[in-house]
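Single-structure report; data block below.
The values are calculated or read from the model by the stated rules, or taken from the named source; none is laboratory data. Given the structure is predicted, the values throughout are model-derived calculations rather than measurements. Glycine also receives a Cβ, built like all others from the backbone with ideal geometry; neighbour counts cover every protein chain displayed. Note: areas computed on protein heavy atoms with side chains; ligands, DNA, RNA excluded. Shrake-Rupley method; radii C 1.70, N 1.55, O 1.52, S 1.80 Å.
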Amino acid sequence: MILIRAACILGSIIGAAGHPTLNNMKSQCSRISKPHVPKAEILSFNTRVIINGTVLGNGQTLKQDVYGINVCEVNVTLSHDNANDTVTVQTWLPLQSWNNRFLAVGGGAWLAGQGTVDLALPATNGYAVSSTDGGLGSNPYTPASWALNQNGSVNTALLDNFAHRSIHDMAVVGKAVTASFYKTRTARAYWNGCSTGGRQGMVAAQKYPHDFDGIVAGAPAIYWTQYVVAELWPQVVMREHGYYPLLCELDTVVAAAVNACDGLDGVMDGVISDPSACTFDPFTLVDTRATCGEGVNTTISNVTASIIRAIWDGPKTVDGVSLWPGLPIGSSLGALAGTQATDGVNGPMPFFLAQQWVQYFVRQNASFSVETLTTADFGNILMESFTKFDAIIGSADPNLSAFKAHGGKLLAWHGLADQIIYPQDTVRYLTEVQDRVGGKDAASSFFRLFLAPGVDHCAFGAGQAFAPGAVPLDPLAALVSWVENGEAPESLYGETASIGDLHFTRKICRYPLKAKYIGCGSKKLAKNYNCV
């Protein structure tokens, strides 16, 4: 679930006479044919040429400003039959040095796509690249404007767009306008996305197996109807314990867990390489002082330790039966175990997307209070969400046989310190695919997973507290080499953010392998590790 702020695009629309190359491009851009989208009507179609444009970074999906953008921009607005929707697909076509590839980029949180902020870098790297709003607008923080019809029922047409339909729209429109502009079909088509965008990539392989030759799916939000509800579990735990810890209490315990389990792999680097092997007991900190700011004097209590233990253990029924995994040890608890002070008293602050999914979709009541859920209520909500919506947006169908037969390659990666989407879910999905296609070797011929120790959700907080790990620098490049050169990746190259003294590179190994120090050379260099 990617959170973004709007990107700014600066530049000029081409109009200078006397520059034959640019004038030719302007003419060619204006002559792009209107695409045909099955079961949809094209409402509007327009193009323009942008010369020397700039897109300012948003600090998350685009961490730097991008300059020198020279593209033909194509905007297609369409409406699906009987859907009463208005969907925009935006495509940027490089004026020079096109690499003969098409790339679709995914969305984040409640967005089907994020527009120019995600088009800028691929376009300057030679990709014809598309993004779509899915007819959902541009607010990543709430679906309030589109989730419900006027009669209070779920807007299933727009939910379909969010769940899957907009993915195929982008492929159809993007490939068509690319072929029209360059007068040739793309050699290869790729998908790249993280969080919601990672889920969309998985759905593309499941539902539209011929749309893309290669897919990068980072931190995929699959098993949507279950994991999203599971994000409310920390709030249920705190409510039933009658206590909402300060963030500094939570951070103190997580920091102690990292310190205790950091060295299990033989390297002290501030990272838990395998959270499942960490057996740190939060009760060992009871009666020790929490690391809080000046003027805050509190100690870790039995109640706080019990809350954290229950969050790590994951959702359970009233009888203690496990319903879903818990947050990996070492990840920040601040997002899902969020709290806020009211009249000087710390209280609940549910994660926005989980709260809104239950309110607008499961219960179809924007005023429904998730803050008061009991353990029994939680189990009922989880089952209701799955029963009502899994067929629409579950996004975890393990049948990838058509994608495999198409020759498609799927590269998934997930941070092991993800504080929002559980990496255990992605491992589960790989296992289910393996079972479906005939084993690990059969699956690895087209689907590989890479788990990045110490990396948070989509690496947005790289280098910050509880996210010190090496981030995969260019999974898309690894995917392209796999698709086009047959070089199946055994590892991804990872590097930490250049913050403070702790900086290192690392191999991020193909699951289930792990990076192991070879015993000589700098422990900070990836070349001194093997995947074992």
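State which residue is farthest from the chain's Cα centre (by Cα) when the search covers only the stretch 125-144 and only residues that are among the aliphatic types (A, V, I, L, M) and assigned to a loop (DSSP other than H, G, I, E, B).
Ala144
Residue by residue through the stretch 86-114, note down the ones that are crowded, with 24+ Cβ neighbours inside 10 Å and not in a strand (DSSP E or B).
Of everything in the stretch 86-114, those that are crowded, with 24+ Cβ neighbours inside 10 Å and not in a strand (DSSP E or B) turn out to be Gly106, Gly107, Gly108, Trp110, Leu111, Ala112, Gly113, Gln114.
Step by step: first the residues of the stretch 377-409, then only those that are open to solvent by 50 Å² or more (accessible area, probe 1.4 Å) and of a type in the set (Gly, Ala, Ser), then the one that is farthest from Val203 (Cα to Cα). Which residue is that?
Taking the candidates together, the pick is Ala405.
Which one of these is of a type in the set (A, V, I, L, M, F, W, C), crowded, with 16+ Cβ neighbours inside 10 Å, within 25 Å of Gln226 (Cβ to Cβ) and within 22 Å of the chain's Cα centre (by Cα): Val433, Val471, Val437, Val480?
Val433
Looking only at the stretch 361-403, which residues are in contact with a strand residue (DSSP E or B) (Cβ under 8 Å, 6 or more places away or on another chain) and either among the polar types (S, T, N, Q) or part of a helix (DSSP H, G or I) (or both)?
Hits for the stretch 361-403 are Phe361, Gln364, Glu371, Thr375, Phe403.
Give the residue that is modelled with the lowest pLDDT, with candidates limited to residues of the stretch 490-509 that are open to solvent by less than 20 Å² (accessible area, probe 1.4 Å) and touching a Phe, Trp or Tyr at 6+ places or on another chain (Cβ under 6 Å).
Among those that are open to solvent by less than 20 Å² (accessible area, probe 1.4 Å) and touching a Phe, Trp or Tyr at 6+ places or on another chain (Cβ under 6 Å), it is Thr496.
Can you find a residue that is surrounded by 22 or more Cβ atoms within 10 Å (Cβ to Cβ), at pLDDT 95 or above and of a type in the set (D, E, K, R) anywhere in the stretch 410-419?
Yes; the residues of the stretch 410-419 include at least one that is surrounded by 22 or more Cβ atoms within 10 Å (Cβ to Cβ), at pLDDT 95 or above and of a type in the set (D, E, K, R).
List pairs: first in the stretch 294-319 and at pLDDT below 95, second open to solvent by 40 Å² or more (accessible area, probe 1.4 Å) and among the aliphatic types (A, V, I, L, M), Cβ under 8 Å, 6+ apart or cross-chain?
Val296/Leu246; Thr298/Leu246
Here is a check on your reading of the model: is Gly326 in a loop (DSSP other than H, G, I, E, B) and open to solvent by 10 Å² or more (accessible area, probe 1.4 Å)?
no
Would you check which residues across the stretch 211-224 are over 16 Å from the mean Cα position of the chain (by Cα), surrounded by 24 or more Cβ atoms within 10 Å (Cβ to Cβ) and either of a type outside the set (Phe, Trp, Tyr) or in a helix (DSSP H, G or I) (or both) and list them?
Gly214
Within the stretch 276-305, can you find the residues that are open to solvent by 20 Å² or more (accessible area, probe 1.4 Å) and within 29 Å of the chain's Cα centre (by Cα)?
Within the stretch 276-305, Ser276, Ala277, Thr279, Phe280 qualify.
Could you check Thr91 against (1) on the phi > 0 side of the Ramachandran plot; (2) in contact with a helix residue (DSSP H, G or I) (Cβ under 6 Å, 6 or more places away or on another chain) and say which number it fails?
Only one criterion in (1) on the phi > 0 side of the Ramachandran plot; (2) in contact with a helix residue (DSSP H, G or I) (Cβ under 6 Å, 6 or more places away or on another chain) is unmet by Thr91, namely (1).
In the stretch 237-280, how many residues are part of a loop (DSSP other than H, G, I, E, B) and farther than 16 Å from Tyr517 by Cβ?
8
Among the residues of the stretch 406-447, count how many are out of contact with any Phe, Trp or Tyr (no Cβ under 6 Å at 6 or more places or on another chain), aromatic (Phe, Trp, Tyr) and either assigned to a strand (DSSP E or B) or on the phi > 0 side of the Ramachandran plot (or both).
Qualifying residue count for the region: 1.
Select from the stretch 147-177 the residues that are farther than 22 Å from Ala204 by Cβ and open to solvent by less than 10 Å² (accessible area, probe 1.4 Å) and list them in ascending order.
Ala147
Exactly one condition in (1) in contact with a strand residue (DSSP E or B) (Cβ under 7 Å, 6 or more places away or on another chain); (2) not in a strand (DSSP E or B) is false for Phe450; which is it?
For Phe450, the exception is condition (2).
Being open to solvent by 10 Å² or more (accessible area, probe 1.4 Å) and without any contact (Cβ under 8 Å) to a residue 40 or more places away in the chain is the requirement here; does Arg185 meet it?
When the stated conditions are applied, Arg185 passes them.
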